[in-house]
1. At a 10 angstrom cut-off on C-beta neighbours, averaged per residue, how do the peptides 213-221, 238-246 rank from highest to lowest?
2. For the chain, what is the percent of antiparallel DSSP beta bridges, rounded to the nearest 5?
3. For Thr63, Thr17, Thr225, what's the largest-to-smallest order of accessible area, 1.4 Å probe?
4. Sum -39500 (n - 2.57) across every DSSP H segment of at least 4 residues in the chain, then divide by the residue count to get the 222 nm mean residue ellipticity, nearest 500.
5. Report, largest value first, the span of the C-alpha coordinates of the stretch 214-271 along each principal axis, in whole Å.
6. In terms of the ratio Rg/(2.2 N^0.38 Å) built on C-alpha atoms, what value belongs to the chain?
7. Across every pair of different alpha-carbon atoms, what Kirkwood hydrodynamic radius in Å does the stretch 30-96 reach?
8. Whenever you get a sec, compute what percent of the accessible area on the chain sits on carbon and sulfur atoms (1.4 Å probe).
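The values are calculated or read from the model by the stated rules, or taken from the named source; none is laboratory data. Just so it is clear, the structure is predicted and the values come from calculations on it, not from any experiment. Positions of Cβ are generated from backbone atoms using ideal geometry, with glycine treated the same way; all protein chains shown enter the neighbour counts. Just so you know, the surface numbers come from the protein's heavy atoms only, side chains and all, with ligands and any DNA or RNA stripped out. Shrake-Rupley method; radii C 1.70, N 1.55, O 1.52, S 1.80 Å.
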Amino acid sequence: MSDKQLSADGPDASEKTFINQRGTKIFCKYWNRHLKSPKALVFICHGAGEHCLWYGQLAAMFTEKDMFVFAHDHEGHGQSGGPRMHITDFRHYSQDVYDHIDTIKKEFPNVPVFIIGHSMGGAVAILAALDHPEYFRGVVLIGPCVTPEQDTVGPVRIFLGKIASRIIPQCPVLWLDDADISRDKSICQKYKDDPLNYHGGMKAKWAYSLLLLLQEIEAKLKTITWPFFVLHGDSDKIVNSKGSEALFREASSKDKCLKIYPNCYHQLHYEIEPDGSAIRNDILDWIIQRLP
């Protein structure tokens with residue numbers, strides 16, 4: 001896959017920044033900015049350590065169907081400000097999502113909004129929809145973090161994580177392997193070589209804040225009533241599919257869909273072909289079917 005395919009920006013892509021409620025500069029990306037009457041607004045919520053420019057190829061599929069796609073780098077990620085991979089409350093991420101959507105909705109007040117969240121961004125998308133379901137026509141979750149892995153996160157580990165997050169909040173405590181991103185080795189190499197990606201260990205306060213969020217989501221699964229489509233690879237070594245399965249099983253939504261992809265890794269939207277194209281089309285089709 002070429003760099004051009006990876007970014008897939010085209011002439012209608014643009015960039016800007018805004019200052020969030022905590023005074024931090026947030027980098028934003030827009031695709032199909034010229035549209036006067038888009039069929040939908042699609043917000044893409046990227047995962048931990050990466051940034052929104054990784055979603056150009058997925059965004060291009062929506063722009064071809066006259067949708068307006070936008071995203072931003074979470075605080076502490078990519079070209080946004082803030083200490084790298086450090087957060088004290090995951091609702092800081094979701095608040096930035098609401099504020100960004102509110103800005104775009106002023107231009108398109110009657111256009112439905114969909115949110116696509118990958119990995120940690122999936123947890124942020126779930127949180128955003130739990131707190132304000134009225135924002136979204138539908139939620140798409142790609143290899144999302146949903147629930148804590150109870151076989152690896154027991155009371156002792158939780159206690160130690162809590163202590164570490166207070167004493168040494170920015171101490172790295174968990175490392176991910178770039179080779180587990182995708183079966184496409186060229187994507188893994190690009191991920192490794194990308195200077196905008198965070199390549200250090202996940203920090204104690206960030207990790208503990210994520211754990212608290214996943215515990216909250218797990219406790220609220222039955223309260224979920226909004227439409228969602230959750231996709232997961234059965235060979236995902238970064239986020240186990242058990243959480244996605246629990247979400248589908250426990251949620252009260254009438255419109256819900258779970259699809260597990262055999263042999264696939266974590267970044268489903270960048271899987272080897274023909275699987276990658278088929279997965280991206282599954283996402284596109286699900287959203288198109290829910291347009292007014």
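1. On the way: 213-221: 17.0, 238-246: 19.7.
Per-residue Cβ counts within 10 Å, averaged per peptide and sorted highest first, yield 238-246, 213-221.
2. Working: 13 of 37 bridges.
Taking every DSSP beta bridge within the chain, about 35 percent pair in antiparallel fashion.
3. Numbers: Thr63 30, Thr17 70, Thr225 95 Å².
Ranked list, largest accessible area first: Thr225, Thr17, Thr63.
4. Working: 9 runs with 102 residues, N = 292.
So the helix-based figure for the chain works out to -10500 deg cm²/dmol.
5. The Cα atoms of the stretch 214-271 stretch 32, 24, 15 Å along the principal axes, largest first.
6. Working: Rg = 17.7 Å, N = 292, 2.2 N^0.38 = 19.0 Å.
Against the compact-globule rule of thumb, the ratio is 0.93.
7. On the way: mean 1/r = 0.0779 Å⁻¹.
Across the stretch 30-96, the inverse of the average 1/r is 12.8 Å.
8. The C+S portion of the solvent-accessible surface of the chain is 54 percent.
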